Amino acid sequence: MKRHIIFILFILAMCLPNIYAQLGIKAGVNLANEIKSFKKADIVEGFSKENLTGYQIGLIYEMFRKKSALGGDIGTFISQKGYTIIDNISLENSYKEYNYFEIPLNIRYRLSTKIIGVYATCGLYAGYILSGKSGNLTDSIVQNISFANKEERFDYGYNLGVGIEFFKKIQLGLSWSQGLKNTITSLRNDESLALQNDIRVFNVNLVYLFSKK
């Protein structure tokens with residue numbers, strides 16, 4: 001209920017007078033579970049061709065009160081995420097890959113001139129798994145993932161982001177998101193073991209803002 005109230009207040013804020021708003025297209029690359037820290041060695045390793053990569057594409061709506069650096073944004077995205085499971089008992093490496101429909105809701109802070117600026121964001125996201133597949137890295141077997149009910153498809157978490165903005169139109173950004181729901185399970189010796197959701201995603205993205213009021 002509280003989440004619904006916050007969402008409604010956010011939508012109402014978009015309709016307030018003296019709001020500067022822009023709608024845009026956002027596209028990026030997801031590196032799920034691969035970048036463990038922001039150290040140079042971990043970042044370089046995260047871009048290795050052997051790692052799982054995905055995509056993110058969708059619409060973003062940004063809004064600020066006029067003459068204010070503090071604002072917010074909301075988006076609708078199709079986002080591909082995945083993770084790798086290393087089983088030291090069977091010595092088999094497998095992976096799972098999901099296609100999500102996601103709605104992020106962020107607070108945004110921007111310092112900008114007419115030519116260049118910087119921004120930072122933080123907030124929450126809710127996601128729904130549209131489809132998924134799993135595979136074995138040893139024998140390259142791939143199969144579709146089935147879900148027992150709709151509740152298994154829902155996910156949520158938090159995200160952080162920073163970026164550079166040009167002409168208040170083009171943004172180049174980096175973001176980090178962490179899932180908070182226990183969605184990963186492993187079946188071993190006929191016992192279902194719940195594991196911590198470790199789907200964390202490092203994202204490199206490009207945004208083009210094409211309308212304003």
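The values are calculated or read from the model by the stated rules, or taken from the named source; none is laboratory data. None of the values given here were measured: they were computed from a predicted structure. As a convention, Cβ positions derive from the backbone with ideal geometry for all residues, glycine included, and neighbour counts pool all protein chains shown.
Some points to look at:
- Under the condition of being surrounded by fewer than 17 Cβ atoms within 10 Å (Cβ to Cβ) and within 17 Å of Ser79 (Cα to Cα), the residues counted in the range 104-118 number 0.
- Tally, over the range 61-75, of residues that are touching an Asp or Glu at 6+ places or on another chain (Cβ under 9 Å) and either in contact (Cβ under 8 Å) with a residue 60 or more places away in the chain or surrounded by fewer than 16 Cβ atoms within 10 Å (Cβ to Cβ) (or both): 3
- Qualifying strands (runs of 3 or more DSSP E) (wholly inside the range 62-163; at least 3 residues being over 14 Å from the mean Cα position of the chain (by Cα), farther than 18 Å from Ile199 by Cβ and modelled with pLDDT of 85 or more): 70-87, 92-112, 116-136
- Checking each residue of the range 119-133 against the condition of being touching a Ser or Thr at 6+ places or on another chain (Cβ under 9 Å) and either charged (D, E, K, R) or loosely packed, with under 15 Cβ neighbours inside 10 Å (or both) gives no match.
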